[in-house]
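Down below is the structure, laid out as structure tokens.
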């Protein structure tokens, strides 16, 4: 799924499009919300607990719909305090971006039955593509700096009962590090590389140095640059509309 840095930079772009007062009231809470479905990295919870999406179900799903079924008190963004509304708008953006990636990219190209799904390196190619998109978005140094500063300023004073406040504060501190440091691609790809039989720090480093760029170019060629652009533009449009509806 899209890496955390990509979720934050996309959230910044969407906030600029929407110009919603709630988002500007606490941009740090908003950016944190855009990463928080992945808080399971910290808590070790099951993915479904924070994404409200069953990866094993191929019927149409909406994580946003399931979220508000479970947390009806958060359904009306206009009725919440600004920080909580901003946080939840960011949360919505993450759910939509992930779901669109799963249905439009992963399942069609890298998952079982996808165009590249039967290849040994399919999960490695998928992760390389995700990190490539993240790296592209991080090229805007001003945007990255703005996001980091906003995260550092927020006190995370949000009324979200399904995640403890202390846990959110710890997660915020981690996201300051995530957006403020260059991605460590070897570490971020270790699970996929291990699954492909590439293990050990030296072997992983050698693979990344000698083969990663070539494999990424081949992945982009086979998926298609136009298809990747369509995913990004379509996912952003859906997230933007879901956020607009939530905040209105």
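The values are calculated or read from the model by the stated rules, or taken from the named source; none is laboratory data. Note that the structure is a prediction, hence the values are computed from the model and not measured. Heads up, the Cβs are rebuilt from the backbone with ideal geometry, glycines too, and the neighbour counts pull from every protein chain shown.
Details
- Filter result for the condition that a residue is surrounded by fewer than 16 Cβ atoms within 10 Å (Cβ to Cβ) and either under 18 Å from the mean Cα position of the chain (by Cα) or at pLDDT 95 or above (or both), over 126, 98, 81: 81
- Residues of region 109-126 that turn out to be farther than 24 Å from residue 57 by Cβ and free of Cβ contacts under 8 Å to residues at least 24 places away in the same chain, as a count: 1
- Members of region 127-141 found to be assigned to a loop (DSSP other than H, G, I, E, B), touching a residue at least 12 places away in the same chain (Cβ under 8 Å) and out of contact with any helix residue (DSSP H, G or I) (no Cβ under 6 Å at 6 or more places or on another chain), listed by number: 140
- Close pairs (6 angstrom Cβ cut-off, 6 or more residues apart or separate chains): touching a residue at least 12 places away in the same chain (Cβ under 8 Å) in region 142-154, outside any helix (DSSP H, G or I) and surrounded by 20 or more Cβ atoms within 10 Å (Cβ to Cβ) anywhere: 154/26
- Qualifying residue in region 173-180 (condition: outside any loop (DSSP other than H, G, I, E, B), without any contact (Cβ under 8 Å) to a residue 12 or more places away in the chain, surrounded by fewer than 18 Cβ atoms within 10 Å (Cβ to Cβ) and more than 14 Å from the chain's Cα centre (by Cα)): yes
- Condition broken by residue 225, with the remaining ones in (1) without any contact (Cβ under 8 Å) to a residue 40 or more places away in the chain; (2) over 24 Å from residue 44 (Cβ atoms); (3) touching a helix residue (DSSP H, G or I) at 6+ places or on another chain (Cβ under 6 Å) satisfied: (3)
- Selected residue (only one of 8, 1 is modelled with pLDDT of 95 or more, within 22 Å of residue 228 (Cα to Cα) and touching a helix residue (DSSP H, G or I) at 6+ places or on another chain (Cβ under 7 Å)): 8
- Verdict on residue 63 being free of Cβ contacts under 8 Å to residues at least 40 places away in the same chain, within 21 Å of residue 240 (Cβ to Cβ) and surrounded by 14 or more Cβ atoms within 10 Å (Cβ to Cβ): yes
- In region 116-123 there is at least one residue matching the filter, namely being at negative phi, touching a helix residue (DSSP H, G or I) at 6+ places or on another chain (Cβ under 6 Å), at pLDDT 90 or above and part of a helix (DSSP H, G or I).
- Of residues in region 145-172 being in contact with a helix residue (DSSP H, G or I) (Cβ under 6 Å, 6 or more places away or on another chain) and in a helix (DSSP H, G or I), the one surrounded by the fewest Cβ atoms within 10 Å (Cβ to Cβ): 153
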